[in-house]
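Quick note: the coordinates plus some simple rules give every number you see, no bench work behind them. Quick caveat: nothing in here was measured; it's all calculated off a predicted structure. Glycine also receives a Cβ, built like all others from the backbone with ideal geometry; neighbour counts cover every protein chain displayed.
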Amino acid sequence: MIKRLLEERIKEQLFKGKTIILYGARQVGKTTLVQNILKNFGNEGRYLNCEILSIEENLKIPEPERLKAFLGNYRLIVLDEAQNIPNIGRILKILNDSFPEIQIIATGSSSFDLATKAVEPMTGRALFFILYPLSALELKEENDWFYFESKIETLLRFGSYPEIFLSNENEALLKLNTLASSYLYKDLLKYNGIKKTSILKNLLISLALQIGNEVSYNELAIKLGINSITVQKYLDLLEQCFVIFRLHSFSRNLRNEITKSLKVYFYDLGIRNSLVQNFNTLSLRNDIGALWENFCVVERLKSNSSLNRNVNYYFWRTYSQKEVDYVEEFDGKIIGYEFKFSGKQKSKQIKEFKETYNAEIIQIDKTNFWKFAELKV
């Protein structure tokens, strides 16, 4: 088992008067993480799976004493998949206000479900955390950077969901295809207007084939036979369920900068590869550049999140096709990054970007990725 960096951050916040809300994609390791925390409390901790109907029934009525009678005399209580409880925000507020001596950790597989139901009632009463698939930093903490380098091909082909990463190749393929064909849609299909799995699947495949490239709402709409507003709605839900995330274009000064464009990346490359059914070794692939770019961007996102570093992130492109893969704005400084899987390839140093924004452009390849992941470049 690989220890998650988020575990210590959550432990530091226990019993400080706040409800802990943890969300992330299904199968990403939320249950394992909270059960590891519970182990420290022995008989003073209780785990409740809110997908079980009897537990849902006992927790859905917002009466303090009734809730307390069901929960019992425990110091730490985990409500796993808490979004299944009707009016969960109000329930958590009552528990937080009425029984401040009890620490509640609530988890959910969709930020849309759990966070939107809990944010308003829990204003000032909750701390929110996101758990991502395994990160490069977590693999390095468990072993070293040499171990991580030996696993790069595995990560680019099969992704970093914990159970899949720790499986052999045949088991990983089976688990990934099951995850991509069932769990991936489980949360999404509950929402109004998301009724056709075929449209959702075709949208995901289109996005999977375009990682690293600009995405057009209108072009996707035409291809799928739906309108662009519906495309945006689907993308919103995919992002809120931690399947994809969007990068918007950076523009401040130059007239020929593209200002209304975006790229879409996958939180997990195993899911992406399952959608296009390509698990070939890297030596046989023609999409290695796109895979490496997606991998680097999402690992930077994980690193920023694990170290609680709030940054603005973009990509940069002009109408004349000059491009910087990834742009980070932090503490008044702008840095551009170009991703090359092989250190033998060299990035172009784009004069307009560097001079306009007083920025530097750094190439990230396998030789210096560890510095990028550790936020040292």
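The listed peptides 54-66, 328-340, ordered by packing as a protection proxy, come out as 328-340, 54-66 (highest mean of other Cβ atoms within 10 Å first).
Each of Trp370, Trp145 has some number of other Cβ atoms within 10 Å of its Cβ, and from fewest to most they run Trp145, Trp370.
If one computes the Cα centroid of the stretch 272-308 and of the stretch 318-335, what distance in Å separates the two points? Using only Cα atoms, the two centres lie 20 Å from each other.
Whole-Hz Karplus values for the stretch 309-314 come out as 9, 8, 10, 9, 9, 8 Hz, taken residue by residue from phi with 6.51 cos²θ - 1.76 cosθ + 1.60 and θ = phi - 60°; glycine and proline positions read x.
First check a/c for the stretch 5-130, with a ≥ b ≥ c the square roots of the eigenvalues of its C-alpha gyration tensor; if it is under 1.5, answer rounded, and if not, answer prolate when a/b is larger than b/c or oblate otherwise. Rounded shape, in that the Cα axes give a/c under 1.5.
Indicate, rounded to the nearest 5 percent, the antiparallel portion of the DSSP beta bridges found entirely in the stretch 136-373.
Values: 18 of 25 bridges.
Antiparallel bridges: around 70 percent, rounded to the nearest 5.
Other residues whose C-beta falls under 13 angstrom from the C-beta of Glu56 contribute a net charge of -3, scoring Lys and Arg +1 and Asp and Glu -1. In this structure the amide hydrogen of Ile362, modeled in the peptide plane, comes within under 5 Å of the amide hydrogens of Gly336, Tyr337, Glu338, none closer than 5 places in sequence on its chain.
For the chain, the Kirkwood radius over C-alpha pairs fed into Stokes-Einstein at 25 °C and 0.890 mPa s yields D = 111 µm² per second. Distance between Cα centroids, the stretch 1-58 to the stretch 125-174: provide it in whole Å. That distance is 20 Å. Annotation: peptides 275-282, 81-88, ranked by per-residue average of other Cβ atoms within 10 Å with the highest first, follow the order 81-88, 275-282.
Multiplying the residue separation of Lys196 and Gln13 by 0.36 nm and subtracting their alpha-carbon distance yields 61.7 nm. Among residues other than Arg157 whose Cβ falls under 14 Å from its Cβ, what is the net charge (Lys/Arg +1, Asp/Glu -1)? My count for the surroundings of Arg157 gives -1.
Taking a Cβ cut-off of under 15 Å around Phe279, the surrounding Lys, Arg, Asp and Glu residues balance to a net charge of -1, with basic ones at +1 and acidic ones at -1.
Backbone amide hydrogens, once placed in the peptide plane, bring Ile244 within less than 5 Å of Glu239, Tyr267, excluding anything fewer than 5 places away on its chain.
Each of Ser306, Ser150 has some number of other Cβ atoms within 10 Å of its Cβ, and from fewest to most they run Ser150, Ser306. Taken along the Cα-to-beta-carbon direction at a fixed 7 Å, the label points for Thr154 and Glu239 span 3.3 nm.
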